[in-house]
Protein chains: 2
Amino acid sequence: MARAALSAAAVVDVALRLVDEEGVGALTLAAVASRAGVATPSLYKHVRNLAELRALMSARIMDELSERIGSAVLGRSADEAVRALMTAWRDYVLAHPHRYAALGQAPEPRVAEAGERLIGIMLATLRAYDLDDTSVIHAVRCLRAAVHGFAVLEAERAFQRSEKLDETYDMLIRMVVAGLATATPPRR
Amino acid sequence: MARAALSAAAVVDVALRLVDEEGVGALTLAAVASRAGVATPSLYKHVRNLAELRALMSARIMDELSERIGSAVLGRSADEAVRALMTAWRDYVLAHPHRYAALGQAPEPRVAEAGERLIGIMLATLRAYDLDDTSVIHAVRCLRAAVHGFAVLEAERAFQRSEKLDETYDMLIRMVVAGLATATPPRR
DNA sequence: GCTCAAAAGCTAATGCCGTTAGCCTCGGGT
DNA sequence: ACCCGAGGCTAACGGCATTAGCTTTTGAGC
C-alpha cells in the first residue's frame with residue numbers, strides 16, 4: 001500500500017460536506033478536489049467519475065436515513081411506529097436539506113438499490129396492520145409518496161405561506177395514520 | 001422588427017420537445033440551438049441564459065398543469081373534485097414524465113411564482129370542506145405533498161415492485177379524501 | 001422605393017469542467 | 001537494497017455557457 005491519504009469513502013465525506021454547505025449546485029469534482037487538498041484528476045484514483053460519486057453519495061445518504069429511521073421505529077408498533085418513522089424522516093431532511101436534495105441527483109436505479117433497506121423498514125413497520133401482501137406494498141408506496149413529497153417540497157422551500165410547517169406535518173401524519181387504518185385493497 | 005424566426009416562446013417550445021424526447025439531462029443550450037437550426041449564441045437574443053430558460057420552461061409546465069387540472073375540476077366539488085384533481089395531475093405526469101422532472105430543475109422561488117395559479121385551484125377545490133383559514137392551507141400542503149411525492153417517484157421509476165401503480169394511486173386518493181373529511185386544525 | 005436603425009443572426013474567443021494519458025514518487029514487502 | 005504498485009501530479013482535449021463584436025435582414029417612416 002502507498003500513502004493512505006484519501007479513499008472512496010473520504011472523497012464521499014468531502015463531497016457531502018461540500019453539498020451541505022454550498023448546495024447540490026456546487027458539487028463539482030474541482031471543488032471536491034480543492035477541499036480534499038488534491039488535484040482534480042487524483043480523484044479518479046478513488047472514484048470512477050462524477051456519476052459514480054453521485055451514486056456513492058446517494059447510497060450513503062440512504063444509509064444514514066435508514067439508520068435513523070430504523071432506530072426511531074425500534075420498540076414501537078402500529079400508529080406509534082408510523083408517527084416515529086415520519087418524524088425521524090423529516091428531522092433528517094431538516095438537519096441536512098441539501099443532502100436530501102442530492103438524493104434526487106443520482107439516476108434512480110442506483111438510489112433504489114441503496115433504498116431497499118429503508119423499504120424493508122417500512123414494510124416491517126406496516127406489518128402491524130392487517131393488510132394482505134399486495135396491500136402492504138401499496139401502503140408503503142403511499143407512505144413514501146406522502147413523506148417524500150413533503151420532504152422535497154420543504155427542502156426546496158416550496159411552501160410559501162406563513163403557517164407553521166410543523167402543524168402541516170402533524171396533519172399529514174394524522175392523514176396517513178387514518179388512511180392506513182382504513183386501508184383495504186383497492187377494488188378494481 | 002427583424003426576422004421573426006425565433007422568440008423566447010419558440011425557444012421554450014424547442015427546449016420542451018428536447019426534454020420530452022431525451023430527458024432533462026439532455027437539456028443544453030447547444031442542443032436547443034441545434035434543434036432550432038441556429039448557432040448557440042443566437043439563443044441569447046431571446047433568453048438571458050440557461051437558468052432563465054429553465055425558469056421559463058418551469059413556468060410553462062406549471063401553466064399546462066394548472067390548465068388541465070383546472071378544467072378537470074370544473075363543475076365538480078368536494079371529494080369528486082379532489083379525485084378529479086389528483087387524477088388529472090397524475091395523467092399529466094404520465095403523459096410528460098420528463099417535463100415533470102424538469103420542474104425540479106429550476107430554483108423553487110421562480111417555480112412557486114408560476115405555481116400560484118395551481119395553488120389557487122387547490123384552495124378553491126378544498127373550500128367545499130368546512131375548514132378554517134389556516135387548516136385549508138395545511139390541507140393544500142398535504143395534498144401537494146402526497147400528489148407531488150407520488151408524481152416524482154413514479155416519474156423517476158422509483159417504484160420497483162410489480163404491483164399496479166394505478167391501484168396504489170387509488171389507495172392514495174382514498175387516503176387523501178378520507179384525511180380531508182376528518183381534517184381538523186392540529187391541536188398544539 | 002430608399003434609408004437606416006435595430007433586431008437577430010453569425011464567428012471568435014474565454015474560462016470552467018469532466019475526463020484521459022502519461023509521468024513521478026513514495027513506502028511496504030521481499 | 002530493491003522494486004512495484006498505489007496514489008499523486010501535469011498536460012491536454014473536448015464540451016459547454018457565456019461574452020464581444022461583427023454582419024445581415026427587415027420593416028417603419030420618409
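Throughout, read-outs are computed from the coordinates displayed, never taken from laboratory work. Keep in mind the model is a prediction, meaning the values are calculated, not measured. Glycine gets a Cβ as well: all are built from the backbone with ideal geometry, and neighbour counts include every protein chain shown.
If you place +1 on the Cβ of every Lys and Arg and -1 on the Cβ of every Asp and Glu, how big does the dipole about the Cα centre of chain B come out, in debye to the nearest 20?
380 debye
Placing a label point 7 Å from Cα toward Cβ, how far apart in nm is B:Gln105 from its equivalents in the other copies, listed shortest first to one decimal?
For B:Gln105, the inter-copy label distances come out at 1.6 nm.
With the label 7 angstrom out along Cα to Cβ, how close does A:Ser42 come to the same site in each of the other copies, in nm, nearest first?
4.6
Using the Karplus curve 6.51 cos²θ - 1.76 cosθ + 1.60 with θ = phi - 60°, work out ³J(HN,Hα) for each residue of the range A:109-120 in order, rounded to whole Hz, and write x for Gly and Pro.
Here the 3J(HN,Hα) series is x, 6, 4, 4, 4, 5, x, 3, 4, 4, 4, x Hz.
Calculate the mean, over all residues of peptide B:102-114, of how many other protein chain Cβ atoms lie within 10 angstrom of the residue's Cβ. Numbers along the way, then the final one.
Values: counts 0, 0, 5, 0, 1, 3, 8, 4, 0, 2, 6, 1, 0.
Across B:102-114, the average partner-chain Cβ count within 10 Å equals 2.
Based on Cα positions only, what radius of gyration and what Dmax would you give for the range B:45-175, in angstroms?
15.4, 51
Under the Karplus relation 6.51 cos²θ - 1.76 cosθ + 1.60, θ = phi - 60°, what is the ordered set of whole-Hz ³J(HN,Hα) values for the range B:70-83, x standing for Gly and Pro?
x, 6, 5, 7, 3, x, 10, 8, 6, 3, 5, 5, 4, 4
In deg cm²/dmol, rounded to 500, what helix-only [θ] at 222 nm does chain A give when every DSSP H run of at least 4 residues adds -39500 (n - 2.57) and the total is split over its residues?
When only DSSP H runs of four or more count, the value is -23000 deg cm²/dmol.
To one decimal in nm, how far is A:Ser71 from the same spot in the other copies, if labels go 7 Å from Cα toward Cβ? Please give the shortest first.
5.4
Name the long-range amide H neighbours of A:Phe159: under 5 Å, sequence gap of 5 or more, or other chain; modelled H, no Pro or chain starts.
none
Report ³J(HN,Hα) in whole Hz for each residue of the range B:84-101, in order, from the Karplus equation J = 6.51 cos²θ - 1.76 cosθ + 1.60 where θ = phi - 60°; Gly and Pro get x.
Values, residue by residue: 4, 4, 5, 5, 5, 4, 5, 4, 4, 4, 5, 6, 9, x, 5, 4, 5, 5 Hz.
Where the centroid of each part is defined by its Cα atoms, how far is the range B:79-112 from the range B:17-50 in Å?
Taking the Cα centre of the range B:17-50 as reference, the centre of the range B:79-112 is 23 Å away.
What relative contact order, as a whole-number percentage, does the range B:44-188 give when Cα pairs under 8 Å and 6 or more residues apart are counted?
29 percent
Can you give the relative contact order of the range A:1-47 as a percent, counting alpha carbon pairs under 8 Å and 6+ residues apart? Please list the in-between numbers first.
Details: 30 pairs, mean separation 17.1, N = 47.
Here the relative contact order equals 36 percent.
Report the one residue of B:Ala146, B:Tyr169, B:Phe159 whose Cα lies farthest in the direction of the positive end of the charge dipole of the range B:138-188 (charges on C-beta: Lys and Arg +1, Asp and Glu -1; origin at the Cα centre).
The residue sitting farthest along the positive end of the dipole is B:Ala146.
Find, among the residues of chain A, the one whose Cβ sits nearest the axis of the rotation taking A to B; state the distance in whole Å.
Smallest Cβ distance to the axis, with its residue: A:Gly149, 1.
Two decimals is fine: what is log10 I(q)/I(0) at q = 0.07, 0.08, 0.12 Å⁻¹ for the protein assembly as shown, from a Debye sum with one equal scatterer on every Cα and no solvent?
Listed by q, the Debye log ratios stand at -0.34, -0.44, -0.97.
Compute the distance from the alpha-carbon center of the range B:116-188 to that of the range A:116-174, in whole Å.
11 Å
Count, for each residue of A:155-163, the Cβ atoms from other chains sitting within 10 Å of its Cβ, then give me the mean as a whole number.
Values: counts 1, 7, 4, 10, 7, 8, 6, 2, 8.
Counting Cβ atoms of other protein chains within 10 Å of each residue's Cβ and averaging gives 6.
Within a 10 angstrom radius of each residue's Cβ in B:42-51, how many Cβ atoms of other chains show up on average? Whole number is fine.
0
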